[in-house]
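I have placed the structure first, in the form of structure tokens, so that the comments after it can refer back to it.
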């Protein structure tokens, strides 16, 4: 093989791979991995000739890449983030997703790395951001989401020709917590606890009249506005526990999606962050139906006679005074307050979904059926409920393994040792 001419770089072998080192026209020294070496008798990997061609291709691509112009102001991470969100908006991204991106940039990215020139950002900056968030008590999932958004910002900068590489790609990210000090058990309500919570939510409009008036005022102080959410919240909580629907699916449910004849609820719409959408977390999420218990069907029928918003296109759980969707934060806060008032463990509203799934698993329903009812795209997600399924056959299996008639016990220890 002919020797490479001076100035065209150096192709070398290291740890079973080809590497190329060369100096660019603007004086930068670059070192890149080309690919694995093909061993004799194998089909995978690169021959020396093919590695030479790939090395030349990398050199040509690097020289054709946009170069930063000296004297031109370089955009900051924040400015590229704004540009990315504008591109996402033009591309039709959902408002809820854009809101999440804006929040991550404003709360986490901007205070720590937003003012850096985008080509000054390093892997160390990204890891320092993750470390600071972890020290603030944020969850690993939140940190991973922020780093993914920062990664997208730098990818957008690469597309714009402002940088050549993405240092966030090499940044270490916190893994999922699996230590013993973190409670990984599912949280849910028993049937008795669910009934106690429902009793703690008033089934009528409550008007609170102050016991005394303020000094210095003439006449009694005006009473606070009546609590009108009790009746609808009771039905929302019951529906969440007996259907496993997500909170966004319940808040976006319309009367036309309640199939009285089939006694099923058909999930067709969600309400997330002020936006109605027919796109769920997966294709299965918004193309499924869940059967209603007799009790839930009766409660919904009674609620349809009490609410003023009962048209096919109106929300099942509309605000009693405005007909608009319920505020998710108020629903969550009122549910937790009801848990405390009922004297049961305080769980998240989403844990009512676990209440539904664990009850089905305990009754012996197949995990595939539970997956369809919950709208899980991946069956692995539903596997968390497998331990709540009845296990009589497993008990029988281990009992048989330790009985005198077990075939394995027929051989004495000495016979086993002789073998």
Query raised in the report: Taking residue 310 and the conditions (1) surrounded by 12 or more Cβ atoms within 10 Å (Cβ to Cβ); (2) under 16 Å from residue 250 (Cβ atoms), which numbered condition does it fall short on, given that it satisfies the others?
Result: (2)
Report summary line: Per the filter on segment 101-125, residues closer than 30 Å to residue 277 by Cβ and free of Cβ contacts under 8 Å to residues at least 24 places away in the same chain are 102, 103, 106, 107
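Would you mind finding the one in 87, 65, 93 that is surrounded by fewer than 16 Cβ atoms within 10 Å (Cβ to Cβ), under 25 Å from residue 110 (Cα atoms) and modelled with pLDDT under 90? Steps first, please.
Numbers: 87 fails: modelled with pLDDT under 90; 65 fails: under 25 Å from residue 110 (Cα atoms).
Just one listed residue meets the conditions, 93.
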Report summary line: Filtering strands (runs of 3 or more DSSP E) wholly in segment 242-330 for at least 1 residues that are within 19 Å of the chain's Cα centre (by Cα) and modelled with pLDDT under 95 gives 270-272, 275-277
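I'm trying to understand the selection: among the residues of segment 150-166, which are part of a helix (DSSP H, G or I) and either at pLDDT below 90 or crowded, with 19+ Cβ neighbours inside 10 Å (or both)? Don't jump to the end; show me each part of the working.
First pass over segment 150-166, keeping only residues part of a helix (DSSP H, G or I): 150-159.
Once the filter is applied, which keeps residues that are part of a helix (DSSP H, G or I) and either at pLDDT below 90 or crowded, with 19+ Cβ neighbours inside 10 Å (or both), segment 150-166 yields 150, 153, 154, 156, 157, 158, 159.
The values are calculated or read from the model by the stated rules, or taken from the named source; none is laboratory data. These numbers come from a predicted model, not from an experiment. Because the Cβ atoms are built from the backbone with ideal geometry, glycine has one as well, and the counts that use them run over all protein chains shown.
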